[in-house]
1. Take ILE320 and tell me if it is under 30 Å from LYS693 (Cβ atoms) and surrounded by 17 or more Cβ atoms within 10 Å (Cβ to Cβ).
2. Would you say ASN101 is open to solvent by 30 Å² or more (accessible area, probe 1.4 Å), at pLDDT 85 or above, out of contact with any strand residue (DSSP E or B) (no Cβ under 7 Å at 6 or more places or on another chain) and of a type outside the set (Gly, Ala, Ser)?
3. Filter the range 250-283 for residues that are in contact with a Ser or Thr (Cβ under 8 Å, 6 or more places away or on another chain), within 15 Å of LEU353 (Cα to Cα) and of a type in the set (Lys, Arg) and give the result.
4. Of the numbered conditions (1) touching a strand residue (DSSP E or B) at 6+ places or on another chain (Cβ under 6 Å); (2) open to solvent by less than 10 Å² (accessible area, probe 1.4 Å), ALA735 fails exactly one; give the number of that condition.
5. Considering each of LEU307, LEU256 in turn, give the residue that is among the hydrophobic types (A, V, I, L, M, F, W, C), at negative phi and surrounded by 24 or more Cβ atoms within 10 Å (Cβ to Cβ).
6. Quick one: count up the residues across the range 650-673 that are under 34 Å from the mean Cα position of the chain (by Cα) and open to solvent by 100 Å² or more (accessible area, probe 1.4 Å).
7. What are the residues in the range 415-468 that are among the small types (Gly, Ala, Ser), within 15 Å of ALA726 (Cβ to Cβ) and open to solvent by 30 Å² or more (accessible area, probe 1.4 Å), if any?
8. What tally of residues in the range 571-621 results from selecting those that are open to solvent by 50 Å² or more (accessible area, probe 1.4 Å), part of a helix (DSSP H, G or I) and either in contact with a Phe, Trp or Tyr (Cβ under 6 Å, 6 or more places away or on another chain) or of a type outside the set (D, E, K, R) (or both)?
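The values are calculated or read from the model by the stated rules, or taken from the named source; none is laboratory data. Since we're looking at a predicted model, the values are computed, not measured. Here Cβ is always computed from backbone atoms with ideal geometry, including for glycine, and neighbour counts include all displayed protein chains. Heads up: the accessible areas ignore ligands, DNA and RNA and are worked out on the full protein's heavy atoms, side chains in. Shrake-Rupley method; radii C 1.70, N 1.55, O 1.52, S 1.80 Å.
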Amino acid sequence: MSGSQHDHHTPDLFGDAPEADQPSAPAQVNAHPALSDTVELLALCERWVARGWLRDLDRALVRFLATEAPDAPPLLLLGAALASHQLGRGHVCLDLNATLNAPDFALSLPPEGDDLTDPPPLPSDVLATLTLTEWQAALGHPTLISQGLGNTPLVRSDSEHTTRLYLRRYWQYEQTLHQEIANRLSGDEGVCRSQTCRAMGDDSHPELLPNALNVLFRKTTTLDWQKTACALAARNRFAVITGGPGTGKTTTVVRLLALLQTLQLAQSPTQPLRIRLAAPTGKAAARLNESIAGQVSLLPTEALAELCDDAVTEQLQASIPTEVTTLHRLLGARPDTRHFRHNAANPLALDVLVIDEASMVDIEMMTAVLSALPAQAQLVLLGDKDQLASVEAGAVLGDLCRRAEAAHYTPETAQWLENATGQPLPEHYLDPNGQPLDQAITMLRVSHRFNAESGIGQLAQAINQPSHAQSEREKHQAVHGVLRHGYQDLHHLVLGSNAESREEDTALDKLVIHGSPDAFPNAGEGRTDHEGTPIAPPTGYRHYLNMLKAQRPQGLAFEEDKEAYNDWASAVLSAYSHFQLLCALRKGPWGVEGLNLRIAKTLRSEKLLYGSDHMLEKGWFEGRPVLVTQNDYGLKLMNGDIGITLAVPDPRTPGKSLLRVAFPTNDPEKPINWVLPSRLHAVETVFAMTVHKSQGSEFLHTALLLPPTPNPILTRELVYTGITRAREWLTVIEAKRGILNDAVTREVMRVSGVGG
């Protein structure tokens, strides 16, 4: 999409974000030659790339721009290199003022430096003399940069306190995002409104909305945020429902779909809304599919149908979808391109789109979705604003929800909600100056999974307090107060200063083998859930490997007795989900690569696994759990699916066995998808899983391992996401004391213009 398609002044839906004061340059420091000499700058980029601080892609961009515009100021080229590099780190643009305040965050620096000889200058050395005014003055080359209009490769966006520098494509994503959301929030009657909005304003059904809400939600003495969320989402063509684990996001969205269809069928009994459900990954789509199918069957469809003029009970039930697809499939991804079959020229054929796990959706994908939506369609985003943002650039849900905690509903919205739900809003959620976006966002605030007696819930709450609400010392005290309280579901393990000592190795080994139940009060015995059902004590990986051996079908042929093998595989997969070790890093001894091999060897020493070191690291062996890392539609496997390698009888050679990988499915006729290992190319062993990969999953016992050295990836959001993967038991492991304190006070700061 070219820059000429949108004016660079977009609607201010989000308000002004506070900016830091301009840094002052240190006195009597000589300017680095790279700031004024292109040859010196290119040489500096070469050294940064050689060290791994800058990407080859970023250096290539600088070379290209220097070739196309030999007279370009070196400061402009430096800005382009850093702006490009930010995309690989999740940022949409480069904030010049923020970069001058903290220059070393502009590159991918190792957390503790490195010990190689002749290190290149740090960004803090290079930028030591530079002021914001000087850098801004260099951003004026007509061929390379503009303030929006045109087709220059770079775009600058100026505000009172800073300048943001974009690659044009990402600037355009922001413009489209702003404009599409503004259109859906405008309430402009000249724009074709959705069928639902017209039904709500139909004079023949003035009480339909409140009556339908009363059918869907029981009357309570406290404010029901799920009911509020449904009302607001039905009111707008754009809505966001955010909330932490167990706050009822899935329950809310199922009731919202029933509400929307009831409002529609009351006006047009033969024309139900075309509703689609989507998620960013195959794993997230499968989980929503599982959750939503059971919820739909519990809906009071007969009572809802009685509110309509015609008997539409069967149609109402049938018109609420349970099938969930991935966003790539929904849009029609074109192989080997960034483009989709559905776009502004070929919009999606739907009236309502619900996207679950929206925190995982990056700005490019969110823009593609908005561009492909028909003008009258409604979009509902569902997700946890406090979870880790997408791996790619942008933190769209977090940016949209940055004011959600305080709500900021206008008196007009509050009155409308009271009329619709019968629930008055507390005064502290009202704001006469509330922005249009605020009126479309609901934050679910009551967790039905974690209560006051849950250490997991209390720890999540302590960690999730934003930095502006308390000091670092107060945050540390709150977090460790929870860890020391003695909650039944929480264990804190510190490996100490010598991470290589035998005693500490034993503690970690005990945990991954059998879950260290003795570390929990009463060895994890005696707990029940909210329905009184006993909760199994915490376990480790021994549990599923023992299940694998104990329940293996004996004397049965694999093909002829598939049901028995399916039952066996289902039991093993279920047992595997009882424990999962999560970590922050991919590489190194405390990352996925090192931990997977270490755990495999530990389990081999307990005679729970068999195989050589090479096989445990590179090959296939019975009991190997694998994580799918790319969608494979031919095998019906999605990114994030987990399977277990099992040995089954070889029909060609009696007495011999062969390996198959068992993946669970949602098909009751074929509950297990058995796949040959040779057909699986994009998988990795998953004794240890990164927190990023765990999003959308939950495990009975989750162990979160933090490495012994500080790292920029260790943030409040990562720790929060990791601990909330635990359903009943949580072990927090620090490879070195103090790492947790460092992590919970570091927040993800994704730079973009979406938030201001």
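1. Working: under 30 Å from LYS693 (Cβ atoms): no; surrounded by 17 or more Cβ atoms within 10 Å (Cβ to Cβ): yes.
It is false that ILE320 is under 30 Å from LYS693 (Cβ atoms) and surrounded by 17 or more Cβ atoms within 10 Å (Cβ to Cβ).
2. On the way: open to solvent by 30 Å² or more (accessible area, probe 1.4 Å): yes; at pLDDT 85 or above: yes; out of contact with any strand residue (DSSP E or B) (no Cβ under 7 Å at 6 or more places or on another chain): yes; of a type outside the set (Gly, Ala, Ser): yes.
Criteria met by ASN101.
3. ARG276
4. Just one mismatch for ALA735, condition (1).
5. Working: LEU307 fails: surrounded by 24 or more Cβ atoms within 10 Å (Cβ to Cβ).
Criteria check complete, one pass: LEU256.
6. At the first step, the residues of the range 650-673 found to be under 34 Å from the mean Cα position of the chain (by Cα) are 659-673.
With the extra rule that they be open to solvent by 100 Å² or more (accessible area, probe 1.4 Å), the set shrinks to 668-670.
Residues that pass the stated criteria total 3.
7. Matches in the range 415-468: SER447 only.
8. Just the residues of the range 571-621 that are open to solvent by 50 Å² or more (accessible area, probe 1.4 Å), to begin with: 574, 586-587, 589, 593, 598, 601, 604-607, 610, 612-615, 617-618, 620.
Pick out the ones that are also part of a helix (DSSP H, G or I) and you get 574, 593, 598, 601, 604-605, 613-615, 617-618.
When the remaining residues are screened for being either in contact with a Phe, Trp or Tyr (Cβ under 6 Å, 6 or more places away or on another chain) or of a type outside the set (D, E, K, R) (or both), the result is 574, 605, 614-615.
Going through the range 571-621 one residue at a time, the tally reaches 4.
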